[in-house]
Amino acid sequence: MLALEVALCGLGQQRAMPEGLYAQDKVVRAEEQLISLLADIPLEDRLGQLLRRQTQLLLEGGPFSGLGELVHRESVPMHTFARFLFSSLLPIDPELAYKVSLRAMRLPVLESQFQHADLLPLNPLDLVVTNRFPRWFILGHLETRQCELASAMLTAAKGDPKWLRTVLGSIQQNIHSPALLFKLAQDACKAATPPSSAPDLTLLNVALELGLQVMRMTLNTLNWRRREMVRWLVSCTTEIGMGALISVMQGWYALFTPVEATSLVALTATSHATVLRLGLDYAQREELGSCARTLALQCAMKDPQNCALPALTLCEKDHGAFEAAYQIVLDSTATGMGHAHLFTIARYMEHRGLPLRAYKLANLALSHLSISYNQDTHPAVNDVLWACSLSHSLGKNELAALVPLVIKSVQCAPVLSDILRRWSLPPLPGRRNSGKGLLSSGSDGSKAPLCQMLEAAIGAYVNTTHSRLTHISPRHYGEFIEFLGKARDTFLMAPDGHIQFGQFIENLKQTYKGKKKLMLLVRERFG
C-alpha cells in the first residue's frame, strides 16, 4: 500500500518538461516503466480504496498536482498515467474513472495561449519566457498517448450515450491532429460494429462526427490520406443508414472537393453494393439517386473541367438531369473548359449514341485548340483525327463546317496530310459518305471541304520548310529530305500537284542556293 501510494503521488505530481531530447525521452520512459509495474499489482479491496482516495486528492490537489484544475502549459502531460487510472478505476468507480481521464485529456502546450491562471509570478520577463513555443521533441509520442486515452474512454463508453457525448466533446476540444482524430474515428467505428452482434448506433454516430470533423479540417490542405479518409467516411455513413448518407451528400461542399464528391461519394452512395447493404426499395433508391444527381450538378457547376463527365455519368438515367449536365458543359466552354476535357466528353457522347452532340462538343474543342507547325506529336492529334472521322460519318454539311475549324487550329503539315490520307481511303461499313467528290469543287465554284484542307496542308508544308531552313544544321539534312518526301506525297493529292511541287523545289534551289550541299541532296532526290 505504501509503495502504491508513493508511486501515485509521484506520477500525479505537476512537473515541468525538461529541455533537450534525451531528458524528455527519459522522463517519459521512466514514467511508463513505473506504470507498467503498477499495472501488474492485483487491486484487492484495500488497494482499490487507496487508489480512489489518492485519485480524488490529485483532482483536488491545486498547483502541486498534474491533475489539478489548472496546470502550467509546460507541465508533463498526464495521459499515460490517466489511462492506468481509468482502466483500474472503471470496475470500482466509473464516475471517478471518467472524471480523472477527462481532466487529463488536455495538452496545454499545443494551445495557442497559455492560461492566465498559470501559477507563475506575472512580471513582464516571465510573460516573455512563458510565451515562447517550447521545444518538445517528443510531442508526437505524447499526442499518441493522448489518443490512446481517448480511444480507451470511447470503447468503454459504448452503450452509454451520456459518457459518449462527454468523451466526444473532450476529444473535439483537446485533440488537434487530423491523423489522430481519424484514427479515433476508425477505432470507434470498429468498436461499434462487432461482427457477431448489432451495431451500436450512438458510437457509430460519434465515429461519423469525428470523421466529419477530419473532413472539414483537411478540406483545404494537401493530405495524402484524403482519398482513404473519404472512402472510410462513406463506408461509416452507410453503416448508419440512408438518412446519414443523404445528409452527408447534401452538405458535401463543407466536407469534400467537387472531384471527391462526384467520383468517390456520389458514385459509392449509389452503387449496387450500397443499395444491397442498406436493403433499399425502389422509392428509396430513387431518393438517393436524386440526391446524388443534385450533388453531381452542383459539383459540375463549381468545377466543370473535372466534374462534368462524372456528373453526366451519374445523371444518365434521368433525362432532365442529363440535359442540365450537358448544358453546364456548353456554358463552361466560355469560362475555360480546355480542349482535352471537351474531346473526352465528346467521345463519351458518341459512345452513348449521341453523335450530333459529340460533333458539337468536338467543334467547341477545336476552337480551343492550337497545334503549331512542329507539334506533330501533340497529345490532341488523335482527338482531331477522331473528330474528322466523326464529321465525315455524319455527312458533307458537318464535314464542311468542321474543316475551317481544323485549318484554323492545326498548323502542323503532317497532321493535316494524315487527315487527308484517311479521307481518301474507302469508307467504313455503315458510313454514309466516302472521300469521293470531297476534293472536287462544287458547281457554284465553291471549294470542296477537303480541297480547302489540301490547300492548307500544302501551305503548311511550304511555311514549315522555310522555317526549318532558316536554322538548319548539316546533321539534320537527311531528316529534312525525308520531310520533303512527305510534302511531295501531299502535293500529289492535288490535280496539278506534280507541277506545284516542281515549282516549289525550283524556288527552294534559287532561294537557298548558298546551302550547296543541301541543294545537291535536294537535286539528287527530286530532280
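Given the alternatives [x] -0.26; [y] -0.56; [z] -0.70, log10 I(q)/I(0) by the Debye sum over Cα atoms at q = 0.06 Å⁻¹ as computed for this entry is given by [y].
The modelled label-to-label distance between Arg15 and Glu524, using points 7 Å beyond Cα along the C-beta direction, is 9.1 nm. Modelled spin labels at Leu47 and Leu90, positioned 7 Å past Cα toward Cβ, are 1.8 nm from each other. Using the Cβ-Cβ distance between Asn397 and Asp318 with R0 set to 30 Å, the FRET efficiency works out to roughly 0.40. Of the solvent-accessible surface of the chain, computed with a 1.4 Å probe and all protein chains present, 56% belongs to carbon and sulfur. Working from label points 7 Å from Cα in the Cα-to-Cβ sense, the Phe137 to Leu492 distance is 7.9 nm. The spacing between segment 1-31 and segment 233-258, judged by their C-alpha centroids, is 44 Å. Taken per residue, the accessible surface of the chain reaches 50 Å², heavy atoms only and a 1.4 Å probe. Straight-distance candidates among the lysines for linking to Lys516, with alpha-carbon spacing under 24 Å and chain neighbours fewer than 8 residues away dropped: Lys486. What is the calculated FRET efficiency for Ala254 to Asp40, with r their C-beta to C-beta distance and R₀ = 56 Å, to the nearest 0.05? Working from the Cβ atoms, E equals 0.70.
Note on Leu2/Thr193: beta-carbon distance plugged into 1/(1 + (r/R0)^6) with R0 of 45 Å gives a FRET efficiency of 0.50.
In straight-distance terms, cross-link reach from Lys99 covers every one of the lysines whose alpha-carbon lies under 30 Å from its own, apart from those fewer than eight places away in the same chain; here that gives Lys26, Lys158, Lys162, Lys183, Lys190.
When each of the peptides 283-291, 1-9, 96-104 is scored by how many other beta carbons lie within 10 Å of its residues on average, the order from highest to lowest is 96-104, 283-291, 1-9. Think of it this way: in the chain, Cys9, Cys147, Cys189, Cys236, Cys291, Cys315, Cys388, Cys412, Cys451 stand alone, with no other Cys Cβ under 4.7 Å.
Under 27 Å of direct C-alpha separation, and excluding same-chain neighbours fewer than eight residues apart, Lys302 reaches these lysines: Lys317, Lys360.
The values are calculated or read from the model by the stated rules, or taken from the named source; none is laboratory data. Source: prediction; values computed, not measured. Here Cβ is always computed from backbone atoms with ideal geometry, including for glycine, and neighbour counts include all displayed protein chains. These area figures cover heavy atoms from the full protein model, side chains too; ligands, DNA and RNA do not enter into them. Shrake-Rupley method; radii C 1.70, N 1.55, O 1.52, S 1.80 Å.
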